[in-house]
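This report refers to the structure that appears directly beneath it.
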Amino acid sequence: MNPLLRFFSSSIGRKWVVAVTGLVLFGFVVGHLVGNLQVFLGSSEPINRYGAFLQGLGELLWAIRFGLLAMLVLHVVFTIKLRGENRAARPERYAVTQYRATSLAARWMTLSGLMVLCFLIYHLLHFTVQVPAVNMLGQNFTTLHDDKGRHDVYRMMILGFTNPVASGFYLVGVGLLALHLNHGIMSLFQTLGLNSGKLRPLWEKGGPAFSWLIFLGYASMPLAVLAGILKP
(Lines give C-alpha, C1' and ligand atoms only; values in the text may rest on other atoms or scores of the structure.)
Protein backbone atom coordinates (compact mmCIF):
# COMPACT_ATOMS: atom_id res chain seq x y z
CA MET A 1 0.00 0.00 0.00
CA ASN A 2 1.12 3.53 -0.75
CA PRO A 3 2.73 5.05 2.41
CA LEU A 4 0.42 8.08 2.20
CA LEU A 5 -2.69 5.89 1.97
CA ARG A 6 -1.37 3.73 4.80
CA PHE A 7 -0.91 6.82 6.96
CA PHE A 8 -4.45 8.12 6.34
CA SER A 9 -5.84 4.63 6.93
CA SER A 10 -4.27 4.56 10.39
CA SER A 11 -5.81 6.01 13.54
CA ILE A 12 -3.01 8.60 13.82
CA GLY A 13 -3.46 9.66 10.21
CA ARG A 14 -7.20 10.09 10.62
CA LYS A 15 -6.67 12.13 13.77
CA TRP A 16 -4.33 14.40 11.82
CA VAL A 17 -6.96 14.86 9.10
CA VAL A 18 -9.55 15.80 11.72
CA ALA A 19 -7.08 18.18 13.44
CA VAL A 20 -5.86 19.96 10.28
CA THR A 21 -9.35 20.32 8.76
CA GLY A 22 -10.62 21.47 12.14
CA LEU A 23 -7.89 24.11 12.29
CA VAL A 24 -8.84 25.41 8.82
CA LEU A 25 -12.54 25.51 9.74
CA PHE A 26 -11.73 27.19 13.05
CA GLY A 27 -9.85 29.91 11.17
CA PHE A 28 -12.88 30.42 8.94
CA VAL A 29 -15.22 30.67 11.95
CA VAL A 30 -13.02 33.42 13.46
CA GLY A 31 -12.59 35.29 10.16
CA HIS A 32 -16.30 35.09 9.38
CA LEU A 33 -17.14 36.47 12.81
CA VAL A 34 -14.73 39.40 12.46
CA GLY A 35 -16.24 40.27 9.10
CA ASN A 36 -19.83 40.09 10.33
CA LEU A 37 -19.19 42.14 13.45
CA GLN A 38 -18.74 45.13 11.14
CA VAL A 39 -22.52 45.41 11.36
CA PHE A 40 -21.91 47.23 14.68
CA LEU A 41 -19.70 49.95 13.17
CA GLY A 42 -22.48 52.54 13.10
CA SER A 43 -23.81 52.32 9.56
CA SER A 44 -24.42 49.95 6.67
CA GLU A 45 -21.29 51.11 4.80
CA PRO A 46 -18.63 48.85 6.44
CA ILE A 47 -20.56 45.58 6.22
CA ASN A 48 -21.86 46.32 2.71
CA ARG A 49 -18.35 47.22 1.54
CA TYR A 50 -17.11 43.95 3.04
CA GLY A 51 -19.87 42.02 1.24
CA ALA A 52 -19.05 43.74 -2.06
CA PHE A 53 -15.37 42.86 -1.59
CA LEU A 54 -16.21 39.17 -1.16
CA GLN A 55 -18.51 39.15 -4.17
CA GLY A 56 -15.78 40.89 -6.16
CA LEU A 57 -13.52 37.88 -5.69
CA GLY A 58 -15.64 36.08 -8.30
CA GLU A 59 -14.34 32.60 -9.12
CA LEU A 60 -11.82 32.78 -6.28
CA LEU A 61 -14.69 33.07 -3.79
CA TRP A 62 -16.25 29.89 -5.18
CA ALA A 63 -12.88 28.13 -5.00
CA ILE A 64 -12.64 29.12 -1.33
CA ARG A 65 -16.19 27.91 -0.70
CA PHE A 66 -15.57 24.54 -2.34
CA GLY A 67 -12.28 24.23 -0.45
CA LEU A 68 -14.05 24.87 2.86
CA LEU A 69 -16.76 22.40 1.87
CA ALA A 70 -14.09 19.75 1.20
CA MET A 71 -12.52 20.49 4.60
CA LEU A 72 -15.92 20.12 6.25
CA VAL A 73 -16.70 16.81 4.52
CA LEU A 74 -13.30 15.36 5.46
CA HIS A 75 -13.68 16.59 9.03
CA VAL A 76 -17.12 15.00 9.44
CA VAL A 77 -16.29 11.70 7.69
CA PHE A 78 -13.03 11.10 9.54
CA THR A 79 -14.54 12.12 12.89
CA ILE A 80 -17.32 9.56 12.44
CA LYS A 81 -14.77 6.92 11.42
CA LEU A 82 -12.67 7.57 14.51
CA ARG A 83 -15.74 7.52 16.73
CA GLY A 84 -16.79 4.17 15.31
CA GLU A 85 -13.31 2.70 15.72
CA ASN A 86 -13.13 3.89 19.33
CA ARG A 87 -16.48 2.34 20.16
CA ALA A 88 -15.55 -0.96 18.51
CA ALA A 89 -12.18 -1.18 20.28
CA ARG A 90 -13.36 -0.16 23.75
CA PRO A 91 -14.80 -2.70 26.20
CA GLU A 92 -18.15 -1.83 27.76
CA ARG A 93 -16.75 -1.48 31.27
CA TYR A 94 -14.07 0.96 30.10
CA ALA A 95 -16.68 2.91 28.14
CA VAL A 96 -18.74 3.49 31.29
CA THR A 97 -15.69 4.67 33.24
CA GLN A 98 -14.60 6.97 30.43
CA TYR A 99 -18.10 8.44 30.15
CA ARG A 100 -18.05 9.47 33.79
CA ALA A 101 -14.57 10.96 33.53
CA THR A 102 -14.98 13.05 30.39
CA SER A 103 -16.71 16.40 30.07
CA LEU A 104 -20.09 17.07 28.50
CA ALA A 105 -18.38 18.76 25.54
CA ALA A 106 -16.19 15.70 24.93
CA ARG A 107 -19.11 13.25 25.10
CA TRP A 108 -21.17 15.36 22.70
CA MET A 109 -18.43 15.95 20.13
CA THR A 110 -19.95 13.81 17.35
CA LEU A 111 -23.56 14.78 18.02
CA SER A 112 -22.81 18.48 18.41
CA GLY A 113 -20.73 18.37 15.22
CA LEU A 114 -23.60 16.85 13.23
CA MET A 115 -26.06 19.38 14.66
CA VAL A 116 -23.69 22.22 13.78
CA LEU A 117 -23.59 20.81 10.24
CA CYS A 118 -27.39 21.02 10.05
CA PHE A 119 -27.22 24.60 11.35
CA LEU A 120 -24.56 25.47 8.75
CA ILE A 121 -26.79 24.16 5.93
CA TYR A 122 -29.62 26.36 7.20
CA HIS A 123 -27.28 29.35 7.49
CA LEU A 124 -26.08 28.91 3.90
CA LEU A 125 -29.64 28.65 2.60
CA HIS A 126 -30.64 31.68 4.67
CA PHE A 127 -27.90 34.23 3.99
CA THR A 128 -25.69 32.82 1.18
CA VAL A 129 -28.11 31.15 -1.25
CA GLN A 130 -30.88 33.42 0.14
CA VAL A 131 -33.85 31.09 -0.33
CA PRO A 132 -37.00 33.14 0.47
CA ALA A 133 -38.81 30.20 2.10
CA VAL A 134 -35.95 29.74 4.58
CA ASN A 135 -35.89 33.29 5.97
CA MET A 136 -39.44 32.76 7.34
CA LEU A 137 -40.43 36.19 5.99
CA GLY A 138 -40.98 35.12 2.40
CA GLN A 139 -38.84 38.07 1.28
CA ASN A 140 -36.28 37.76 -1.49
CA PHE A 141 -33.02 39.05 0.04
CA THR A 142 -31.37 39.16 -3.40
CA THR A 143 -33.42 42.26 -4.26
CA LEU A 144 -31.96 44.28 -1.36
CA HIS A 145 -29.50 46.96 -2.54
CA ASP A 146 -28.04 50.07 -0.93
CA ASP A 147 -27.77 53.53 -2.53
CA LYS A 148 -24.50 52.49 -4.22
CA GLY A 149 -26.09 49.50 -5.92
CA ARG A 150 -24.35 46.95 -3.69
CA HIS A 151 -26.12 44.06 -2.03
CA ASP A 152 -27.47 45.44 1.25
CA VAL A 153 -25.94 42.95 3.68
CA TYR A 154 -26.75 45.22 6.63
CA ARG A 155 -30.49 45.25 5.94
CA MET A 156 -30.49 41.54 5.07
CA MET A 157 -28.99 40.64 8.44
CA ILE A 158 -31.47 42.79 10.33
CA LEU A 159 -34.47 41.42 8.44
CA GLY A 160 -33.14 37.88 8.79
CA PHE A 161 -32.88 38.17 12.57
CA THR A 162 -36.16 40.04 13.02
CA ASN A 163 -37.98 36.72 13.22
CA PRO A 164 -37.60 35.38 16.81
CA VAL A 165 -37.75 31.76 15.60
CA ALA A 166 -34.86 32.29 13.18
CA SER A 167 -32.83 34.15 15.82
CA GLY A 168 -33.55 31.44 18.38
CA PHE A 169 -32.34 28.80 15.95
CA TYR A 170 -29.12 30.77 15.41
CA LEU A 171 -28.53 31.07 19.14
CA VAL A 172 -28.92 27.32 19.58
CA GLY A 173 -26.67 26.69 16.57
CA VAL A 174 -23.82 28.90 17.74
CA GLY A 175 -24.21 27.50 21.26
CA LEU A 176 -23.63 24.00 19.87
CA LEU A 177 -20.70 25.35 17.87
CA ALA A 178 -19.16 26.71 21.09
CA LEU A 179 -19.75 23.37 22.81
CA HIS A 180 -18.03 21.59 19.92
CA LEU A 181 -15.08 24.00 19.95
CA ASN A 182 -14.79 23.76 23.73
CA HIS A 183 -13.34 20.25 23.48
CA GLY A 184 -12.25 20.43 19.84
CA ILE A 185 -9.59 23.10 20.41
CA MET A 186 -7.98 20.98 23.12
CA SER A 187 -8.08 17.82 20.98
CA LEU A 188 -6.73 19.67 17.96
CA PHE A 189 -3.56 20.89 19.64
CA GLN A 190 -3.09 17.57 21.42
CA THR A 191 -3.06 15.76 18.06
CA LEU A 192 -0.63 18.30 16.60
CA GLY A 193 1.72 17.79 19.56
CA LEU A 194 1.20 21.31 20.91
CA ASN A 195 -0.47 20.31 24.14
CA SER A 196 2.33 19.41 26.50
CA GLY A 197 4.30 21.13 29.25
CA LYS A 198 3.64 24.84 29.60
CA LEU A 199 1.25 24.87 26.63
CA ARG A 200 -1.26 22.48 28.20
CA PRO A 201 -2.75 24.98 30.72
CA LEU A 202 -3.05 27.51 27.89
CA TRP A 203 -5.32 25.28 25.83
CA GLU A 204 -7.17 23.88 28.86
CA LYS A 205 -8.21 27.37 29.99
CA GLY A 206 -7.92 29.35 26.81
CA GLY A 207 -9.82 26.87 24.61
CA PRO A 208 -13.12 27.03 26.51
CA ALA A 209 -12.78 30.79 27.05
CA PHE A 210 -12.16 31.41 23.35
CA SER A 211 -15.02 29.13 22.27
CA TRP A 212 -17.50 31.04 24.43
CA LEU A 213 -16.16 34.37 23.18
CA ILE A 214 -17.01 33.13 19.70
CA PHE A 215 -20.50 32.26 20.95
CA LEU A 216 -20.95 35.75 22.41
CA GLY A 217 -19.73 37.34 19.17
CA TYR A 218 -22.16 35.43 16.95
CA ALA A 219 -25.01 35.64 19.46
CA SER A 220 -24.62 39.42 19.78
CA MET A 221 -26.01 40.01 16.27
CA PRO A 222 -29.46 38.36 16.53
CA LEU A 223 -29.79 39.59 20.13
CA ALA A 224 -28.99 43.17 19.07
CA VAL A 225 -31.66 42.99 16.36
CA LEU A 226 -34.29 41.57 18.73
CA ALA A 227 -33.42 44.21 21.34
CA GLY A 228 -33.80 47.01 18.77
CA ILE A 229 -30.15 48.05 18.97
CA LEU A 230 -29.60 47.30 15.29
CA LYS A 231 -32.28 48.88 13.09
CA PRO A 232 -32.69 49.34 9.32
Quiz item: Carbon and sulfur: what percent of segment 167-232's accessible surface (1.4 Å probe)?
Solution: 72
Quiz item: Which lysines does K198 reach when only Cα atoms under 26 Å apart count, and residues fewer than 8 places away in its own chain are ignored?
Solution: K15
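Which trypsin sites (Lys or Arg not before Pro) from segment 148-196 combine a DSSP loop assignment with at most 15 other Cβ atoms within 10 Å? Each step should come with its number before you reach the end.
Numbers: sites: K148, R150, R155; in loops: K148, R150.
Of the trypsin sites (Lys or Arg not before Pro), the ones in loops of segment 148-196 whose Cβ has at most 15 other Cβ atoms within 10 Å are K148.
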Quiz item: What FRET efficiency comes out for the pair F8/E204, r = Cβ-Cβ distance, R0 = 30 Å, nearest 0.05?
Solution: 0.55
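The values are calculated or read from the model by the stated rules, or taken from the named source; none is laboratory data. Owing to the predicted nature of the structure, the values given are computational and were not obtained by experimental measurement. Methodologically, a virtual Cβ is constructed for each residue, glycine included, from the backbone with ideal geometry; neighbour enumeration extends over all protein chains shown. In case anyone asks, the SASA skips ligands and DNA or RNA and just uses the protein heavy atoms, side chains included. Shrake-Rupley method; radii C 1.70, N 1.55, O 1.52, S 1.80 Å.
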